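Laboratory data are not the source of any read-out in this text; all were calculated from the coordinates shown. None of the values given here were measured: they were computed from a predicted structure.
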Amino acid sequence: MYKLGGVARSAGVLRKVIIMAKSVLIIEDDNNIAELLRLYLEKDGFTVTIAGNGALGVSEFREIQPDLVLLDIMLPILDGWGVCREIREVSNVPIIMLTAKGETIDKVTGLEMGADDYIIKPFEISELMARIRAVMRRFEVTDGVDSKRLTFDNLIIDMDSFELFVNSKRVDAPPKEMELLYYLASSPNRVFTRNQLLDEVWGFDYFGDSRTVDVHIKRLREKLEGVSGSWSLKTVWGVGYKFEVL
């Protein structure tokens, strides 16, 4: 059963976490769930579009270019894996997968395909809204900030444009991979535990587990393997990870 709780209040005033209007595309074939999500998202200041099957979801995505996608896996016509794959071919927009399938392999598959988060049905609305806020907070653009660009041998991490260049060629990387790599590379040779990375990259209110970090490191290594002999992503067994510079 979906619980209708978790709306934060401070001094008796409804707290609006998202200040500027953001658009969310809900791709979900259960109309009751979709309408419940619409209700709470619109209360939080989002504009919402609903698609009842995967093919329509891809079409709507191309039409409205949303700021966030809530994506069910078990969809008619085109399932959530297929939708995620098509979106990731053209966009790094945040994707949160919604599914009744809770097996670890399904979570890992979703993350490996480029999803930013994964929540299992039935879920509490308060938990989902917290995850949405955490993801959106990571994608907000702040005016007047210093340039966030790191350069190493055969590697450029440009967080101003969310672009990764390897051997002078642009390589597609979802935003969370970019944020993780940038965070590690900003402190070369410093070891971070998985929990530290979850706190700093995903946010303190992230509800996932440390396997999430492992999956993203694995995908980054696939993109960066053999690029340079002067730096690498290293595993420090029993502790965590570091961006090692020789």
5 angstrom amide H check on Leu78, placed H, neighbours 5+ away: Gly54, Ala55
Tell me, what HN-Hα J-couplings in whole Hz come from the Karplus equation 6.51 cos²θ - 1.76 cosθ + 1.60 at θ = phi - 60° for each residue of region 70-87, using x for Gly and Pro? 9, 10, 6, 8, 7, 10, x, 6, 9, 6, x, 4, x, 5, 4, 4, 5, 5
Please report how far the C-alpha centroid of region 117-134 lies from that of region 150-208, rounded to the nearest whole angstrom. 24
Per-residue ³J(HN,Hα) for region 177-187, Karplus 6.51 cos²θ - 1.76 cosθ + 1.60, θ = phi - 60°, Hz, x for Gly and Pro: 5, 4, 5, 5, 4, 4, 4, 5, 6, 5, 10
